[in-house]
């Protein structure tokens, strides 16, 4: 039995997915979550096989959920279902640990097949998404900074300024937990050991003027 958690802040979407999946043999909807923090709590408690995850949710967004899952070693397969066609969101989700990425306009059969594939550890991407992924990987080979999302770049600049997670969260108007997830993602993507190495990297890349580094 494939146990699925549905995480989306729109009730009608959760209800539709529950109805769709509950009618499929071998699939059980283990629970629902209306925001990212609740989704993370449910993943910890329920240990689902597959998580259907929206990227844009209150309290903690989907990327924050993925970052926390990676940090805590939570191994549920994540299938991102989102309304965003943006390349940066696609790449950020895949780099953060999402196994598959489908638009909310995907057909019923596509979603069901993707859930079953995710439970087997297999990735499902639409052809357009695959092309974007390959393009991004080529860019990342040329420039390590291309691996970072715009928000991760902002966080990296904050590290170079010597700011704490709390200070960065205040400046960017996000939660401290989200910043923590971004820091973990930055270190993993750039192959760095700690915040100090990240700050040095940012300064070497001239992300901020030297006279703004290590601001009080």
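The values are calculated or read from the model by the stated rules, or taken from the named source; none is laboratory data. These numbers were taken from a predicted model, which means no experiment stands behind them. Positions of Cβ are backbone-derived with ideal geometry, glycine not excepted, and every protein chain shown enters the neighbour counts.
Numerical summary
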| item | result |
| --- | --- |
| Hits in the range 103-125 - residues which are outside any loop (DSSP other than H, G, I, E, B) and touching a residue at least 24 places away in the same chain (Cβ under 8 Å) | 108, 111, 112, 114, 115, 116, 118, 119, 125 |
| Inter-residue pairs, beta-carbon under 6 Å, first assigned by TED's automatic domain parsing to the domain that holds residue 120 and closer than 20 Å to residue 120 by Cβ and in the range 65-80, second at pLDDT below 90 and part of a helix (DSSP H, G or I), 6+ apart | 80/93 |
| Selected residue (criterion: modelled with the highest pLDDT) from residues of the range 104-130 that are more than 19 Å from residue 19 (Cβ to Cβ) and in contact with a helix residue (DSSP H, G or I) (Cβ under 9 Å, 6 or more places away or on another chain) | 122 |
| Filter result (more than 21 Å from residue 152 (Cα to Cα) and exposed (fewer than 15 other Cβ atoms within 10 Å of the Cβ)) within the range 47-72 | 47 |
| Flag for residue 136 being within 30 Å of residue 102 (Cβ to Cβ), surrounded by 15 or more Cβ atoms within 10 Å (Cβ to Cβ), modelled with pLDDT of 90 or more and touching a helix residue (DSSP H, G or I) at 6+ places or on another chain (Cβ under 6 Å) | no |
| Number of the exception - residue 63 against (1) assigned to a helix (DSSP H, G or I); (2) under 22 Å from residue 9 (Cβ atoms); (3) modelled with pLDDT under 80 | (3) |
| Criterion (in a helix (DSSP H, G or I), more than 14 Å from residue 181 (Cβ to Cβ), in contact with a strand residue (DSSP E or B) (Cβ under 9 Å, 6 or more places away or on another chain) and at pLDDT 90 or above) met by exactly one of 30, 38 | 38 |
| Test: residue in the range 12-32 that is under 16 Å from the mean Cα position of the chain (by Cα), surrounded by fewer than 22 Cβ atoms within 10 Å (Cβ to Cβ) and not assigned by TED's automatic domain parsing to the domain that holds residue 151 | no |
| Residue in the range 45-53 that is part of a helix (DSSP H, G or I) and assigned by TED's automatic domain parsing to the domain that holds residue 117 present | yes |
